[in-house]
Amino acid sequence: MKTQYYTATSLDGFIATEDDSLDWLFPLGDVNETSYPSFIAEVGALAMGAATYEWMLRHTDKIADQQTGAPWPYSQPAWVFSTRPLPMIPNADIRLVRGDVRTVHTDMRQAAGSKNIWIVGGGDLAGQFYDAGLLDEVIVQVGSVTLGRGKPLFPRRVTNPSLRLVSVHRIGPGFAELRYEVPKEKQADLP
């Protein structure tokens, strides 16, 4: 079981524009040509921040399950970190939580069983899992566009030890997928 941050970013390191738009992302390629289908098959639980969840609510036409037409594309339980109430999607296993990611991670591990935990976004939430020593892998698809400003991929300084590059894969003319392992020496630095 791994806790993985799987996302896409612009070449200059932003996962969304300042107003949470992903319009830059979709023209760059077909999700079925990426590692996503095999990745999601190994996911047993998801975590996301409120802004990611709200983006999904606004764009159900783009993210709805194509086979069932359901407004929520995931069968796995999802934990949404928020300090405010959010609307719920009927018949979706969504749990609103707040507070320390370590406490929630324990519940997520139990729900995921032997499968992985996906930190869907945003970058700060992934950073909280990193800070707690719980993040095992970063998988990022770098798009061939720049945004200039926006929501950062990973608003943390990670220098010593640095992430370990495990693989690089070209996806069509618009993406390169980079897979990084998070060194466990980071956990030794925690209080």
Hey, can you tell me all the residues within region 71-104 that are of a type in the set (A, V, I, L, M, F, W, C) and at pLDDT below 95?
Trp72, Met88, Ile89, Ala92
Conditions (1) surrounded by fewer than 14 Cβ atoms within 10 Å (Cβ to Cβ); (2) farther than 23 Å from Ile117 by Cβ; (3) at pLDDT 90 or above; number of the one not met by Ser10:
(1)
Filter region 23-42 down to residues that are touching a strand residue (DSSP E or B) at 6+ places or on another chain (Cβ under 7 Å) and surrounded by fewer than 16 Cβ atoms within 10 Å (Cβ to Cβ) and give me whichever is nearest to Arg95 (Cα to Cα).
Glu42
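Taking the options Arg164, Arg170, name whichever one is at pLDDT below 95, basic (Lys, Arg), farther than 22 Å from Leu46 by Cα and touching a strand residue (DSSP E or B) at 6+ places or on another chain (Cβ under 8 Å). Working first, answer last.
Working: Arg164 fails: at pLDDT below 95.
Matching residue, one of Arg164, Arg170: Arg170.
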Checking Ser114 against (1) surrounded by fewer than 16 Cβ atoms within 10 Å (Cβ to Cβ); (2) outside any loop (DSSP other than H, G, I, E, B), which single condition isn't satisfied?
(2)
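For region 124-191, give me every one of the strands (runs of 3 or more DSSP E) that falls completely inside it and has 2 or more residues that are of a type in the set (D, E, K, R) and touching a residue at least 40 places away in the same chain (Cβ under 8 Å). Step through it out loud before you land on a result.
Details: elements: 137-143, 164-171, 175-181.
By residue number, 175-181.
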Can Ala45 be described as surrounded by 13 or more Cβ atoms within 10 Å (Cβ to Cβ), hydrophobic (A, V, I, L, M, F, W, C) and either modelled with pLDDT of 90 or more or under 20 Å from Tyr5 (Cβ atoms) (or both)?
yes
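Quick one: which residue in Val101, Val80, Val97 is within 23 Å of Arg179 (Cβ to Cβ), in contact with a helix residue (DSSP H, G or I) (Cβ under 8 Å, 6 or more places away or on another chain) and not acidic (Asp, Glu)?
On the way: Val80 fails: within 23 Å of Arg179 (Cβ to Cβ); Val97 fails: within 23 Å of Arg179 (Cβ to Cβ).
Exactly one residue qualifies, and that residue is Val101.
The values are calculated or read from the model by the stated rules, or taken from the named source; none is laboratory data. Small disclaimer: the values here were computed from a predicted structure and weren't measured. So basically every Cβ, Gly included, is an ideal-geometry build from the backbone, and we count neighbours across all protein chains shown.
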